[in-house]
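So the structure is just underneath, and the comments pick up after that.
The values are calculated or read from the model by the stated rules, or taken from the named source; none is laboratory data. None of the values given here were measured: they were computed from a predicted structure. Cβ coordinates were reconstructed from backbone atoms using ideal geometry, including for glycine residues, and neighbour counts include every protein chain displayed.
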Amino acid sequence: MTGLPVRPELVGEVPYGAPQLDVPYLLNVNENPYPPSDAVAAEIATAVAAAVKTMNRYPERDAVALRADLAAYLGHGLTADQVWAANGSNEVMLHVLMAFGGPGRSVLSFAPTYSMYPEYARDTHTAWVTFPRRDDFTIDPVAAVDAIHDRQPDVIFVASPNNPTGTAVPSETLRAIATAATGVVVVDEAYHEFARTGTPSALGLLPEFPRLAITRTMSKAFAFAGGRVGYLAASREFVDALRVVRLPYHLSAITQTVARVALAHADELLAAVDRLRANRDDLAAWLADSGLQVADSDANFVLFGRFADRQAVWQALLDEGVLIRVVGPEGWLRVSAGTDEEMAAFKAALDQVLKTEEGRLQ
């Protein structure tokens, strides 16, 4: 970008993105490894063929039918006008900061957390502020409330389960944060479907807090990462604010059509969630038995460590055809829960690495 009048804060920046490599075992971006069945794929193809016949016209601008389907999936008495949809929860979050952030405003989150949050802040000229989590990656509710009172953020992002740690945030802590906030609060539940039994959704708090929103995605549990659909539930007024900043026709007719078919087959597409939960818990126990530190996870991944040189461990696993993620606090690595075959390959590769110099722990 030399010589171009790029915004100063973008000079030297590189595009966000985890490595996309052609290796046998892809366990780095928390995808659902189970694709749709042939029957669902055939129904999607039929729906797309019908939608193509109207491609000369713009799509339904506000995706009302899709939002109604999403509201029905979420339950909690939600209606279409209380739900927003966009190209992944990434675009939903960007809409939130376009509407409620901006110059002279700030967004607060609890670190370590999702690595895209500061990029949303940068791109909208919103000041990025973090407050540390405890050593076990939980949020201290008293300290969090003090931080909110002290810093007065316009927007608060709380990931639950958190990425990259997998930590779920108790309802009492979320209620304390929402009560203390003078701006808007967004609870990012991208991984909620993978939460352990008894972990409540923040959707139940919506009637109490008109400035609260909950975001979800179809990328993970629905095995719909390639579909790029994320969504938000909030008050009608909150959703209307996002409609102001969205680009016209931001969700293509194909995206809306395919997402609606996927939602119609939610039971089938979500059937693999229990298997992934079981493999996550088995993986966490195996890692702990191997002498590693493991963060409690309610997501479809596990954060583990701590390594003296995590990059060397990552590379050694990659050399064995296993791709995981270098992310989170120094010394830690993250691996996605996968199929039985993928988990066996990861365990075998890591077991070998732990016997080498590269696998040395802190």
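Take Asp281 and decide whether it is surrounded by fewer than 17 Cβ atoms within 10 Å (Cβ to Cβ), farther than 25 Å from Gly75 by Cβ and not basic (Lys, Arg).
Numbers: surrounded by fewer than 17 Cβ atoms within 10 Å (Cβ to Cβ): yes; farther than 25 Å from Gly75 by Cβ: yes; not basic (Lys, Arg): yes.
In short, yes.
Each row is one residue, and each column tells you yes or no for (1) assigned by TED's automatic domain parsing to the domain that holds Ile214; (2) farther than 30 Å from Ala284 by Cβ; (3) not small (Gly, Ala, Ser).
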{"residue": "Pro59", "(1), (2), (3)": "yes, yes, yes"}
{"residue": "Leu70", "(1), (2), (3)": "yes, yes, yes"}
{"residue": "Gln82", "(1), (2), (3)": "yes, yes, yes"}
{"residue": "Met98", "(1), (2), (3)": "yes, yes, yes"}
{"residue": "Thr113", "(1), (2), (3)": "yes, no, yes"}
{"residue": "Arg122", "(1), (2), (3)": "yes, yes, yes"}
{"residue": "His125", "(1), (2), (3)": "yes, yes, yes"}
{"residue": "Asp140", "(1), (2), (3)": "yes, no, yes"}
{"residue": "Ala143", "(1), (2), (3)": "yes, no, no"}
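Output yes when any residue across the range 227-235 is surrounded by 20 or more Cβ atoms within 10 Å (Cβ to Cβ), modelled with pLDDT of 95 or more and aromatic (Phe, Trp, Tyr), and no when none is.
Yes, the range 227-235 contains a residue that is surrounded by 20 or more Cβ atoms within 10 Å (Cβ to Cβ), modelled with pLDDT of 95 or more and aromatic (Phe, Trp, Tyr).
For the list (1) more than 16 Å from Phe238 (Cβ to Cβ); (2) among the polar types (S, T, N, Q); (3) surrounded by 15 or more Cβ atoms within 10 Å (Cβ to Cβ), I need the number of the one condition that Thr179 fails.
Thr179 satisfies every listed condition except (3).
Checking Asp274 against (1) among the acidic types (Asp, Glu); (2) free of Cβ contacts under 8 Å to residues at least 40 places away in the same chain; (3) more than 21 Å from Ser219 (Cα to Cα), which test does it fail?
With respect to (1) among the acidic types (Asp, Glu); (2) free of Cβ contacts under 8 Å to residues at least 40 places away in the same chain; (3) more than 21 Å from Ser219 (Cα to Cα), Asp274 is out only on (3).
Do we have Phe131 as crowded, with 21+ Cβ neighbours inside 10 Å and more than 25 Å from Arg228 (Cα to Cα) here?
Considered against the rule, which asks whether it is crowded, with 21+ Cβ neighbours inside 10 Å and more than 25 Å from Arg228 (Cα to Cα), Phe131 comes out as no.
Thr257 versus (1) buried (at least 18 other Cβ atoms within 10 Å of the Cβ); (2) at pLDDT 95 or above; (3) touching a Phe, Trp or Tyr at 6+ places or on another chain (Cβ under 8 Å): which is the lone unmet condition?
(3)
Just checking, how many residues over the range 85-118 are among the aliphatic types (A, V, I, L, M), in a strand (DSSP E or B) and crowded, with 22+ Cβ neighbours inside 10 Å?
Residues flagged as among the aliphatic types (A, V, I, L, M), in a strand (DSSP E or B) and crowded, with 22+ Cβ neighbours inside 10 Å within the range 85-118 amount to 4.
Restricting attention to the range 326-362, which residues are buried (at least 20 other Cβ atoms within 10 Å of the Cβ) and either assigned to a strand (DSSP E or B) or in contact with a His (Cβ under 7 Å, 6 or more places away or on another chain) (or both)?
Passing the criteria: Leu333, Arg334, Val335, Ser336.
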